[in-house]
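No value in this document is a laboratory result; all are computed from the given coordinates. It should be emphasised that the depicted structure is a prediction, and the values quoted were computed from it without experimental measurement. Cβ: placed from backbone, ideal geometry, glycine included. Neighbour counts: every protein chain shown.
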Amino acid sequence: MIKGVIFDFFLTLVYLKSKYEEERARVIYDYLISRKMVSLNFEKFFNIMKDCYTKWRRIKYENLIEVSQYMWIADLLVNFLQLQIKMNDIMEIIKRRNMIIVNNAEIYPDVISTLEKLKEMKLLLILITNTDDSDLAFKLLDKFHIKSYFDFIVTSEYVNMRKPDPNIVKYALKHVDLAPENTIIVGDSMKDDILCGYLANIRTVYIDRPYKEENPYLNAPLYKKIEIENIKPDFRIQSLEELISIIKKINNKKV
């Protein structure tokens, strides 16, 4: 009996047509240039920034812990660029970087109607998202007016663990008093969402989304289980609306 649904966020509910990597890097660079903190050209700055981010990316993806945006940008400015920087400067840079994402993010057209139907079915809805900035996730939830649909929201930055670590699911289920056998997880990533559900002993639904790109840096040893144990999702869907019939069939004991 399905009583609750766990949703992934990025590329399952909302998406970007571009990663805006250069634009977000320019936010940092332009801020530093405007305050005469650096004199190097953008290309050199961008390479230094990539070196810093690569360092922290390796830490978070290999160990499945979250590295906040504040942490790696502070390291970039203080240690890699050796600047005398204030916390207000870092927070302003992050605010400007986040606005690029907020302004350009879009919501898939099947999201709100599906969330409404699930709430009508009296199901608990949980959001678990891997993100290096919880504030950004909540800004997007507010932008698309979908925060109120969720009974519980977990960000990897807040709990300092990332999917597919099943403990992030266990943490959420404990807070809403929901058993694994009464739960189903929906996501666009085999390595994060489906593996996480498998390890947490809950049913899994893989959604094939446009603008989908499996992160090539997901290299924690845990990911090897997918091939070793031939892990597959319990269900595959093209539209979120298909989830409604899947849950109804499970609850009617036809699946």
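Brief remarks on what is shown
- Where Asp234 falls short, out of the listed (1) more than 25 Å from Leu124 (Cα to Cα); (2) surrounded by 14 or more Cβ atoms within 10 Å (Cβ to Cβ); (3) over 20 Å from the mean Cα position of the chain (by Cα): (1)
- Here Lys122 meets the list (1) part of a helix (DSSP H, G or I); (2) over 16 Å from the mean Cα position of the chain (by Cα) almost entirely, failing just condition (1).
- Test: residue in the range 8-27 that is part of a helix (DSSP H, G or I), over 26 Å from Cys196 (Cα atoms) and not charged (D, E, K, R): yes
- Residue count for the range 104-150, restricted to those that are aliphatic (A, V, I, L, M) and over 21 Å from Ile207 (Cβ atoms): 1.
- Taking the range 221-255 as the range and being closer than 26 Å to Tyr108 by Cβ and not in a helix (DSSP H, G or I) as the test, the residues that pass are Ile231, Lys232, Pro233, Asp234, Phe235, Arg236, Ile237, Gln238, Ser239, Leu240, Glu241, Val255.
- The residue list Leu76, Leu83, Leu64 contains one member that is hydrophobic (A, V, I, L, M, F, W, C) and surrounded by fewer than 19 Cβ atoms within 10 Å (Cβ to Cβ), which is Leu83.
- All positions within the range 80-89 that are part of a helix (DSSP H, G or I) and either in contact (Cβ under 8 Å) with a residue 24 or more places away in the chain or under 12 Å from Val27 (Cβ atoms) (or both): Phe80, Asp89
- Some residue of the range 139-156 being under 24 Å from Lys232 (Cβ atoms) and either crowded, with 22+ Cβ neighbours inside 10 Å or in contact with a strand residue (DSSP E or B) (Cβ under 9 Å, 6 or more places away or on another chain) (or both): no
- Residue that is nearest to Tyr61 (Cα to Cα), among those in the range 175-231 that are acidic (Asp, Glu) and under 17 Å from the mean Cα position of the chain (by Cα): Asp192
- Summed over the range 201-220, residues that are under 27 Å from Tyr108 (Cα atoms) and assigned to a loop (DSSP other than H, G, I, E, B) total 12.
- For Ser34, the conditions (1) more than 21 Å from the chain's Cα centre (by Cα); (2) among the hydroxyl-bearing types (Ser, Thr, Tyr); (3) within 30 Å of Val169 (Cα to Cα) all hold with the exception of (3).
- Considering residues of the range 203-231 that are surrounded by 12 or more Cβ atoms within 10 Å (Cβ to Cβ) and among the basic types (Lys, Arg) only, the residue farthest from Gly187 (Cα to Cα): Lys225
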